[in-house]
Amino acid sequence: MSLTTNLELQKKAQQGKYAVGAFNTSNLEITQAILEAAAENSSPVIIATSQSAIEYAGIETLSNLVRTLAGHLSIPVSLHLDHGTDYDIIIGCLRHGWTSVMIDGSHAPLEENIAMTREIVKVAHAAGISVEAELGRLVGVEDQISVKAEDALLTDPDEAVRFVSETGCDTLAVAIGTSHGAYKFKGEAKLDFDRLKAIIRKVEVPLVLHGASSVKREIVEKGTQYGARLPGAAGVPEEHIRKAISLGITKVNIDTDLRLAFTAVTREFLAQQPEVFDPRKVLGAGRQGMKEVVKEKIALLGSVGKA
Ligand code: G3H
Ligand code: 13P
Ligand code: ZN
C-alpha cells in the first residue's frame, strides 16, 4: 500500500475516537518492530524520523527502508518528519517521499512561529503533504523550570485558534504538561486536562500529544538489573494517555519507551548469553522487545483493527 498522510490518519481517528501511534525510528530493527506490530494488529501507524535520525541513517536510506517495508503491507502508514526545524531537511523530506512533516517553531516567539509554519505549509501543501505544527513548550524535570513558569509555556487555547487560522497547519501539537525523554515528572504526574478540553472545544484540526512515553517500571527495573542507570525515571501514566484520547487527542508520540525496551532487552540478552557475538541475535532480541512495546501501545491507543 502506498504511504498516506498524518492528516488522513488523524481525521479517521477523530471520527473513530482513537489515536494513531507515532513511533520514532532511525534503523532497520526499529522500523521492522513498528511495522510488524502494526500489521499484526491491523492498525494504522506513523513512522516518525527526527532530524538527527535522518543525519544518523541518511535521508535516502530511511526513505527507501520505510517505503520498502511498508510497501508490502496492507495497513495505512505515514512517513513523518518529527520536530523539523531545518528548512533544507524539510524540503529534503518533501523530495524523498515523506508524507507528513512537522515544523517545530515552538521555541520561537509566536509571530516567528506563525511565519515559519505558514511558509512550510505553503511548500508542503503544494507537494500534497500534511503539516503538523507546535504551539507551547514541553518542559521536563531536567529543564528545571518552576511550576508557575512552566504553566506560562503551555498552549494557550485562544492563541491556538489564531495560530491554526493564520498558519493553515493541518494538525497541532499541544503542550499540556508532558515532556520528552525519561524524566518527565518529579512526584505526581500531572497533565492539564482542563486546558486540553478548552483547546479541543475551540480548535478543529486534529491534535497531537508529544512526550507520551510511560517509562514503565518493569522495563526500567530490567534495564537497571543489567547495568542501566536511570534514577528518577518517570513517564506519563497509561490512564492519562487514555484520558487524553477520550478528550480528543488523535496522535500520540512515543520514542523513549522503545529506547528503554531496546536497551533493557539487549542488556539482559548480552548478560545472559555472554558467548553470543552475532549482532543479528542481539539486535533481534532488541527488536522483539520493541515490537512488544508497540503492540501494547496500539492496544492502549485503541487503534487495533482500525487499518
Ligand atoms: O522528540 C524527539 C524524539 O524523541 C527524537 O529524538 O532527536 O534524539 O532523535 P532525537
Ligand atoms: P517520548 O520521549 O515521551 O517518547 O516522546 C517522543 C516524542 O514526542 C517524539 O516527538
Ligand atoms: Zn516530540
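Give the number of residues within region 38-63 that are buried (at least 22 other Cβ atoms within 10 Å of the Cβ) and either farther than 15 Å from I75 by Cα or within 16 Å of ligand 2 (Cβ to nearest atom) (or both).
Filtering region 38-63 for residues buried (at least 22 other Cβ atoms within 10 Å of the Cβ) gives 38, 43-49, 54, 62.
With the extra rule that they be either farther than 15 Å from I75 by Cα or within 16 Å of ligand 2 (Cβ to nearest atom) (or both), the set shrinks to 45-49, 54, 62.
Residues in region 38-63 being buried (at least 22 other Cβ atoms within 10 Å of the Cβ) and either farther than 15 Å from I75 by Cα or within 16 Å of ligand 2 (Cβ to nearest atom) (or both): 7 in total.
Looking across region 220-256, the residues that are open to solvent by less than 40 Å² (accessible area, probe 1.4 Å), under 25 Å from E268 (Cα atoms), away from ligand 3 (no atom under 16 Å from the Cβ) and in a helix (DSSP H, G or I) come down to V220, G223.
Filter region 64-82 down to residues that are open to solvent by 40 Å² or more (accessible area, probe 1.4 Å) and under 19 Å from the mean Cα position of the chain (by Cα), then give me how many there are. Here the count works out to 1.
Considering only region 194-212, I want to know if a residue exists there that is in contact with a strand residue (DSSP E or B) (Cβ under 9 Å, 6 or more places away or on another chain), on the phi > 0 side of the Ramachandran plot and crowded, with 21+ Cβ neighbours inside 10 Å. I'd like the intermediate steps shown before the answer.
Step one: filter region 194-212 for residues in contact with a strand residue (DSSP E or B) (Cβ under 9 Å, 6 or more places away or on another chain), giving 195-196, 199-200, 203, 205-212.
Applying the additional criterion that residues be on the phi > 0 side of the Ramachandran plot yields 211.
Now narrow it down to the ones that are crowded, with 21+ Cβ neighbours inside 10 Å: 211.
Among the residues of region 194-212, at least one is in contact with a strand residue (DSSP E or B) (Cβ under 9 Å, 6 or more places away or on another chain), on the phi > 0 side of the Ramachandran plot and crowded, with 21+ Cβ neighbours inside 10 Å, which makes the answer yes.
Please indicate, with yes or no, whether at least one residue in region 31-45 is part of a strand (DSSP E or B) and either within 18 Å of the chain's Cα centre (by Cα) or free of Cβ contacts under 8 Å to residues at least 12 places away in the same chain (or both).
First, pick out the residues of region 31-45 that are part of a strand (DSSP E or B): 45.
Okay, now just the ones that are also either within 18 Å of the chain's Cα centre (by Cα) or free of Cβ contacts under 8 Å to residues at least 12 places away in the same chain (or both), so 45.
For region 31-45, residues part of a strand (DSSP E or B) and either within 18 Å of the chain's Cα centre (by Cα) or free of Cβ contacts under 8 Å to residues at least 12 places away in the same chain (or both): present.
Applying the criterion of being modelled with pLDDT of 95 or more and part of a loop (DSSP other than H, G, I, E, B) to the residues of region 1-16, the residue that is surrounded by the most Cβ atoms within 10 Å (Cβ to Cβ) is T5.
Condition check ((1) surrounded by fewer than 16 Cβ atoms within 10 Å (Cβ to Cβ); (2) within 30 Å of L79 (Cβ to Cβ)) across all residues:
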position	(1), (2)
R118	no, yes
A133	no, yes
G136	no, yes
V139	no, yes
E142	yes, yes
K148	yes, no
D151	yes, no
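Scanning region 88-118 for residues that are out of contact with any Gly (no Cβ under 9 Å at 6 or more places or on another chain) and touching a residue at least 24 places away in the same chain (Cβ under 8 Å) returns I89, I91, G92, L94, H96, G97, S100, G105, H107, L110.
Has region 271-279 got at least one residue that is within 16 Å of V236 (Cα to Cα) and either open to solvent by 40 Å² or more (accessible area, probe 1.4 Å) or more than 16 Å from ligand 3 (Cβ to nearest atom) (or both)? Explain how you work it out, then say what you get.
Here is the first cut: in region 271-279, the ones within 16 Å of V236 (Cα to Cα) are none.
There is no residue in region 271-279 that is within 16 Å of V236 (Cα to Cα) and either open to solvent by 40 Å² or more (accessible area, probe 1.4 Å) or more than 16 Å from ligand 3 (Cβ to nearest atom) (or both).
For region 190-213, the criterion of being more than 30 Å from D156 (Cα to Cα) and without any contact (Cβ under 8 Å) to a residue 12 or more places away in the chain is met by no residue. Can you say whether L94 is closer than 24 Å to G21 by Cβ, at pLDDT 95 or above and not in a loop (DSSP other than H, G, I, E, B), as far as the supplied structure shows? Criteria met by L94. Looking for something buried (at least 24 other Cβ atoms within 10 Å of the Cβ), away from ligand 1 (no atom under 16 Å from the Cβ) and among the aliphatic types (A, V, I, L, M) - is there at least one such residue anywhere in region 26-33? No: zero hits.
The values are calculated or read from the model by the stated rules, or taken from the named source; none is laboratory data. Here the structure is a predicted model, which is why all the values come from computation and not from measurement. Using ideal geometry, Cβ is built from the backbone for each residue, glycine included, and neighbour counts are taken over all protein chains shown. SASA here: full protein model, heavy atoms, side chains in, ligands and nucleic acids out. Shrake-Rupley method; radii C 1.70, N 1.55, O 1.52, S 1.80 Å.
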